[in-house]
Amino acid sequence: MRLLRAFLLVLPVLALTAVTINAHHAFSPVYDGKRTITVDGVVTQFRFVNPHAMMLMEVKDKTGKVETWNVEFAGRLNLEEAGWNAQTIKPGEHVKVTGNPAWQSAQRMAFVKLVRADGTELEPGRAQRLSAIEEERRQRAQQRAQQPK
Amino acid sequence: MRLVPVLLVVLAVACSQAPPPPPAARVPSKLEGMWSDPPPTAVGTFCFFSCTDAGIERLNALLDDPANDKRPFPQLQAEAAKYQTDTYLRPRLTEAALKTYPLDPADDPGFLRCEPWGLSKQMFAPHQLEIRRVSDDQIDLRYGEWEAVRTVHLDGRAVPADQPPSRLGYSVGRFEGDTLVVETSKVAAGITWWNAQHSDQMRVVERFTRSDDGNTLTLTATIEDPWGLREPVVAKKIWRWAPEQKITPYDACEPATAFKKGTNEP
């Protein structure tokens with residue numbers, strides 16, 4: 001098993017969850033949408049299910065003790081829209097995962113971004129959606145600028 | 001031989017008559033099929049779950065203001081949603097509904113016990129919606145979220161007086177041109193998408209229309225509830241034509257065990 005290194009990086013972030021992707025239940029009772037943390041470890045299980053996909057990963061803390069982290073995703077119904085499938089994340093993969101921490105559970109987060117060992121990134125559909133919206137806004141601003149004053 | 005002209009006349013009259021009209025309740029193929037999450041536009045995303053014209057107008061005003069060009073979209077979306085709540089939704093709530101508004105999302109039965117949504121949230125559920133023709137007199141609305149199925153009766157029947165309230169209510173429908181109109185009543189008391197309580201007196205009229213280019217489906221729902229609303233709420237939702245999508249099993253819900261109360265968001 002490759003060396004596992006765990007670190008926590010707490011950053012204030014914009015409430016990306018305002019782009020409502022999670023459905024089944026409200027986000028706020030479980031996760032702090034204003035902070036993100038990042039952990040580095042090895043995937044042990046990825047369940048591509050509804051209403052929420054789940055991933056378990058083994059992460060070493062600063063003392064070398066291995067902890068099991070639980071990462072919650074949007075559901076299969078939603079992830080398939082973004083082109084994901086049951087093989088998108090494989091057990092044994094070494095990954096770095098960023099997410100919103102749970103209020104009450106120390107080793108649990110809501111998925112924001114995953115970086116694989118080769119540096120490629122995996123983001124949920126909301127990132128693609130936000131990117132398309134920003135392009136729409138650029139075009140809107142251009143049209144506005146071309147209008148006679 | 002005298003009979004020949006007579007037969008020819010009879011034949012000519014028969015042929016001149018128009019063919020029988022198609023059944024009035026037949027579902028236009030324009031609506032049937034699979035729909036899913038809205039196009040990745042600003043308005044489509046604002047209406048991902050549901051929205052109102054008041055909110056859409058506010059969002060467009062924010063997007064058209066050059067002062068907001070550098071602000072992230074989620075900020076503008078949140079501002080438009082707050083405007084929608086403060087100026088449109090909250091003023092429509094009765095004193096009775098305001099007593100518990102906004103409900104604590106940690107008390108949601110779907111969250112706590114994996115109880116499927118009632119009509120007021122299900123009809124706006126994100127992700128897949130399949131409109132499926134079952135017979136001349138019935139169509140089903142099949143949702144990805146909770147794998148819920150609503151039956152819409154198109155045979156002109158009245159709602160049975162002794163029909164007990166249920167989670168998704170009792171729906172009858174008709175076509176007005178290419179628009180499917182669904183009227184639902186007998187809905188058990190529950191929670192609205194704007195996070196307020198509603199009573200079993202709630203009635204909903206949904207109008208489903210497909211865009212001229214065929215790419216989107218818009219729902220305009222008029223919601224009345226003499227217990228919870230001073231006047232009707234008119235809400236909208238947009239889906240994208242998505243024949244490649246499918247509804248997958250919804251069988252891994254786990255009741256919440258660790259959560260925080262008091263994160264109410266209107």
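The values are calculated or read from the model by the stated rules, or taken from the named source; none is laboratory data. Just so you know, these numbers come straight off a predicted model, no measurement behind them. Cβ placement follows ideal geometry from the backbone for every residue including glycine, while neighbour counts extend to all protein chains displayed.
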Exercise. Going by the structure shown, is B:Trp239 among the aromatic types (Phe, Trp, Tyr), at pLDDT 95 or above and over 25 Å from A:Pro51 (Cβ atoms)?
Worked result: no
For this session: Being polar (S, T, N, Q) and free of Cβ contacts under 8 Å to residues at least 60 places away in the same chain is the filter; apply it to the range B:221-266 and report the residue that is nearest to B:Leu112 (Cα to Cα).
Result: B:Thr257
Seminar exercise, completed: Residue count, the range A:66-123, condition of a type in the set (A, V, I, L, M), touching a residue at least 24 places away in the same chain (Cβ under 8 Å) and not in a loop (DSSP other than H, G, I, E, B), comes to 13
For this session: Could you grab me the full set of residues in the range A:75-93 that are in contact with a strand residue (DSSP E or B) (Cβ under 8 Å, 6 or more places away or on another chain) and small (Gly, Ala, Ser)?
Result: A:Ala86, A:Gly92
Exercise. Would you pick out the residues in the range A:46-57 that are within 13 Å of chain B (Cβ to nearest Cβ) and either more than 15 Å from the chain's Cα centre (by Cα) or surrounded by fewer than 19 Cβ atoms within 10 Å (Cβ to Cβ) (or both)?
Worked result: A:Arg47, A:Val49, A:Asn50, A:Pro51, A:Met54
Exercise. Out of B:Ala61, B:Ala42, B:Ala80, which single residue is within 9 Å of chain A (Cβ to nearest Cβ) and either closer than 29 Å to A:Lys34 by Cα or surrounded by 16 or more Cβ atoms within 10 Å (Cβ to Cβ) (or both)?
Worked result: B:Ala42
Exercise. Which one of B:Cys47, B:Cys114 is within 12 Å of another protein chain (Cβ to nearest Cβ) and crowded, with 21+ Cβ neighbours inside 10 Å?
Worked result: B:Cys47
Problem set entry | Yes/no for B:Tyr170 being in contact with a strand residue (DSSP E or B) (Cβ under 7 Å, 6 or more places away or on another chain) and either at pLDDT 95 or above or under 17 Å from B:Gly228 (Cα atoms) (or both) | yes
Exercise. So which strands (runs of 3 or more DSSP E) stay within the range B:171-266 end to end and still have 1 or more residues that are within 14 Å of chain A (Cβ to nearest Cβ)?
Worked result: B:233-241
